[in-house]
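Before any comments, here is the structure.
The values are calculated or read from the model by the stated rules, or taken from the named source; none is laboratory data. No experiment lies behind these values; they were computed from the predicted model shown. When we count neighbours, we look across all protein chains shown, and the Cβ atoms used for this are built from the backbone with ideal geometry, even at glycine. In case anyone asks, the SASA skips ligands and DNA or RNA and just uses the protein heavy atoms, side chains included. Shrake-Rupley method; radii C 1.70, N 1.55, O 1.52, S 1.80 Å.
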Amino acid sequence: MSFYCVSIPYQTDATGYYAVLADLPWAVWLDSGGMARYDILTAAPYQTMALQSNDVRTDPFEWLRAELGNPASSIANIPFAGGALGYWSYDLSRCLVSLPNSSFDTECLPDMAVGLYDWALVVDHHLCRASLVSHQRYVETIALLPKILLRLQSKQTLLADTFRVQGNVTSNFTVERYAQAFEQVQQYLQAGDCYQINLAQRFSAQAEGDAFAAYLKLRELSPAPYSAFLNLPYAQILCASPERFLRVENCIVETKPIKGTRPRGCDAQQDKQFADELRRHPKDRAENLMIVDLLRSDLGKSCVTGSVRTPKLFEIESFANVHHLVSTVTGQLAAGRDALDVLRDCFPGGSITGAPKQRAMQIIEQLEPHRRGVYCGALGYVGFDGNMDTNIAIRTMVYSNREIHCWAGGGIVADSICANEYQETFDKASIMLKVLNQYGGNLNP
């Protein structure tokens, strides 16, 4: 089949596009948040793939590679015209490394949930155009595309706001319990088990209704370049991530780890002061460099020897509620390797585990009361053309079984101060907690 591409009237905000697709199964929106070039929307996959990490009969990466089939040609200015899109949870790493089973899995979601899609609406904010595109790999797509086109050309209306949070928002760490976990981390660090460990707390509340309006509030309060809304049968995922995990484009691999955070200031002078302090602070720079070294090692498994570079180190990126210290690591994909090899070799992202990775993850499993699930996994796509773009699923809310959860964590090193680390989790979670509060949830640590 020839490549299908039909122009749609361009809109700066893709909310209306999503609204006309929202009732279709597995409707998803990879959202630029007004900060990146592309929005990608799709729905009604021809196949879905859900897997628990304890299903040892199936290698998730090999399964996905087999279902994607032979690579298609890439199309200029079209990042995704079909392929796999969804999430790979943090706990999918149990397929890759040996971890204890000491934390509770209260969500019971698949550890991988992706749809295989044969079409997408790509909104290009640089060229100011929107295109319905497809590789038309499946005959069913030929009949589906005119129906999708009709929807996209129809009058767009906002979806009803039915979401409500009921009662208190609670954390799975009290101040005292966090301090105990922090002290245990320090003991591991001093014993030489690890150089850095990421410790996160989870906030939870009862809720009802459709969470799409809450996602719109989240993106309004905290626009981010790697945002997403996934409406899956298992859960609705509301993500405002500032962090790219892995991109593969024309065999060039890029990752942009975040390590180092400060809150935004009350005025321009204080804001600049906080950013400058973050840029210069030796502890934050050392933490960031630790993760850069870890990711350079991870990329080296799939990249040409000697091609891994760090073109940007210790840059400040500023968001609605925080400043982040961000570095960029790149490499050239080696012959015989593909995007799924890179995803496997680097999974999960080192910026949300610590170093060395496997030992840090074992300690996280021991100290955090609940499994992370989608949090700190990856959301994104692997296209038929072999290109990939995924985020680190931070600043993420997961709504399932009438409960909504969100998380925030930070890397702890030997000279970390407990009170500062605890406060940093609230700085990172502040926008999500504000959304829950606006929908009726009261914070009760």
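Compute the long axis of helix 139-153 from its Cα atoms, compare it with the longest principal axis of the Cα atoms of the chain, and write down the angle in degrees, 0 to 90, nearest 10.
The two axes meet at around 80 degrees.
Pairs LYS217/LYS283; LYS272/LYS357; LYS301/LYS428; LYS312/LYS428; LYS217/LYS428; LYS283/LYS428: which exceed 28 Å Cα-Cα?
Result: LYS217/LYS283; LYS272/LYS357; LYS301/LYS428 exceed 28 Å.
Determine how large the accessible area of ARG279 is when every protein chain is in place; take a 1.4 Å probe and give Å² rounded to the nearest 10.
Counting only protein heavy atoms, ARG279 exposes about 90 Å² to solvent.
Ignoring ligands, DNA and RNA, what percent of the accessible area of the chain is carbon or sulfur (1.4 Å)?
50 percent
Using 7 Å Cα-to-Cβ label points, what is the SER2/ALA213 separation (nm, one decimal)?
If labels sit at SER2 and ALA213, their model points lie 4.5 nm apart.
Could you state the angle between the C-alpha long axis of helix 212-221 and the longest principal axis of the C-alpha atoms of the chain, as a value from 0 to 90 degrees rounded to the nearest 10?
The angle comes out at about 60 degrees.
Considering all projection directions equally, how large on average is the shadow of the alpha-carbon convex hull of the stretch 252-364, in square nanometres?
Details: hull surface 31.5 nm².
Result: 7.9 nm².
Principal axis extents for the stretch 239-305, Cα atoms only, whole Å, descending order, please.
45, 27, 18
Can you work out D for the chain in µm² s⁻¹ from Stokes-Einstein, where Rh is the Kirkwood radius over C-alpha pairs, the temperature is 37 °C and the viscosity is 0.692 mPa s?
Taking Rh from Cα pairs, D becomes 148 µm²/s.
What percent of all Cα-Cα pairs in the stretch 187-289 falls in each 5 Å bin, counting up from 0?
P(r) over the stretch 187-289, rounded to whole percents: 2, 9, 11, 15, 18, 17, 14, 11, 5, 0.
Using alpha carbons only, what's the Rg to Rh ratio of the stretch 98-200 with Rh from Kirkwood?
Value, to two decimals: 1.19.
What's the angle, to the nearest 10 degrees (0 to 90), between helix 268-280's Cα axis and the longest principal axis of the chain?
Compared with the principal axis, the helix lies near 80 degrees.
Calculate for the chain the 222 nm mean residue ellipticity that helices alone would give, adding -39,500 (n - 2.57) per DSSP H run of length 4 or more and normalising by residue count, nearest 500 deg cm²/dmol.
On the way: 10 runs with 129 residues, N = 445.
About -9000 deg cm²/dmol.
Once you have a ≥ b ≥ c as the square roots of the Cα gyration tensor eigenvalues for the stretch 313-355, tell me rounded if a/c is under 1.5, and otherwise prolate or oblate according to whether a/b is larger than b/c.
Cα axes put the stretch 313-355 in the prolate bin.
Probe radius 1.4 Å, ligands and nucleic acids left out: which of GLU403, GLU421 has the largest accessible area, and how do the rest follow? Provide the component values of the computation, followed by the final result.
Details: GLU403 60, GLU421 10 Å².
Highest to lowest solvent-accessible surface, that is GLU403, GLU421.
Ignoring everything but the protein chains, give the 1.4 Å probe accessible area of HIS125 in square angstrom, nearest 10.
40 Å²
Taking R0 as 30 Å, what's the FRET efficiency between GLN423 and ARG309 from their Cβ-Cβ distance, rounded to 0.05?
So the FRET efficiency works out to roughly 0.30.
Check each of the trypsin sites (Lys or Arg not before Pro) in the stretch 137-177 and keep only those in coil by DSSP with at most 15 other C-beta atoms within 10 angstrom; list them in order.
Passing both the DSSP loop test and the Cβ count: LYS155.
When only alpha-carbon atoms are used, what values of Rg and Dmax, in angstrom, describe the stretch 1-149?
Calculated on Cα positions, Rg and Dmax stand at 17.2, 52 Å.
Leaving out ligands and nucleic acids, note down the accessible area per residue over the stretch 317-445 with a 1.4 angstrom probe, in whole Å². Display every interim value, and only then the final one.
Working: 3550 Å² over 129 residues.
Value for the stretch 317-445: 28 Å² per residue.
For the stretch 355-445, place one equal point scatterer on every Cα, skip the solvent, and apply the Debye formula. What is log10 of I(q)/I(0) at q = 0.17 Å⁻¹?
Values returned for q = 0.17 Å⁻¹ are -0.95.
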